[in-house]
Amino acid sequence: MSDSVAHAIEHVRQQIHAAEAAAGREAGSVRLLAVSKTFPASAVQQAYAAGQRAFGENYVQELQAKASELAALDIEWHFIGPLQSNKTRIVAETAHWVHSIERLKIAQRLSEQRPDSLPPLQVCVQVNVSGEASKSGCAPQEAKELALAVAALPRLQLRGLMCIPEPTEDAQKLAGQFALLQQLQQELRTAGLALDTVSMGMSADMAQAIAAGSTMVRVGTAIFGARHYHS
Ligand SMILES: *Cc1c(COP(=O)(O)O)cnc(C)c1O
């Protein structure tokens, strides 16, 4: 098992390098976030042994449990799931990054609750680039106002934007949704925000996301295997 996680990570790294090269991008310009949701702390340890340091979690309780169990390791925890206001404190105290900011109220709570002993929480605003009603994220036309407000909060550092596109076989549609996020990011930079992160691309669409300008891919299945939610 530990071998298979190590091999899978190596394979994903090679895919990232190939996609960087194919897109004419600098080697190492895309970071790998290993999404460990639903997998036990032992799986995180295996990836850690293979050199992986950044891990993504979707569920607050699970983040809390793994971060506490693995507190001795030098892990950078990224919270990437939907966040309700009654759970913000745990995230503010535990995570290094939050990718899923979609409302100012949540961002304000995170900023207020971020302990002074920790560096500012690194955050991305999540944008609903597909317009699907079921999807998290702010509407594209609200992204600028939200990003500017988040960037002004004292205990948060806005790093960029995040999206989860519509699952589709249609390569053009997918490219259009990735391009929209990249375009919004450019608009925010033009508006004066110093942003360096475009969080997009998962196991199935890493290469397309990298071609479209992703700087951080969030990869679960390709590293840890298929998820079983009711274990
Ligand atoms: C689960 C999840 C991922 C990883 O998806 P895979 O298809 O398993 O790579 C990435 N981002 C978010 C927000 C997720 O919830």
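The numbers here are math on the coordinates, done by the rules we state, and not lab data. None of these values were measured; they are calculated from a predicted model. Neighbour counts run over all protein chains shown; Cβ positions are idealised from the backbone, glycine included.
Annotations
- Theoretical gain in end-to-end length, ASP116 to ASP196 [0.36 nm per residue, Cα-Cα removed]: 26.4 nm
- Among the lysines of the chain, pairs at least eight places apart or on separate chains and with Cα atoms under 18 Å apart come to 6.
- Dipole magnitude for the chain: computed about the Cα centre from +1 point charges on Lys and Arg Cβ and -1 point charges on Asp and Glu Cβ, it is near 400 debye.
- When peptides 82-88, 147-153 are sorted by average Cβ neighbour count within 10 Å, with the highest value leading, the order is 147-153, 82-88.
- Considering only Cα atoms, the convex hull volume of the chain works out to 127 Å³ per residue.
- When you filter the GluC sites (Glu not before Pro) in region 3-56 for DSSP loop state and at most 13 other Cβ atoms inside 10 Å of their Cβ, you are left with GLU26.
- Between SER4 and GLN141, the FRET efficiency estimated from the beta carbon spacing at R0 = 45 angstrom works out to 0.55.
- Mean-position separation - Cα centroids, region 161-219 and region 15-54, in angstrom: 17
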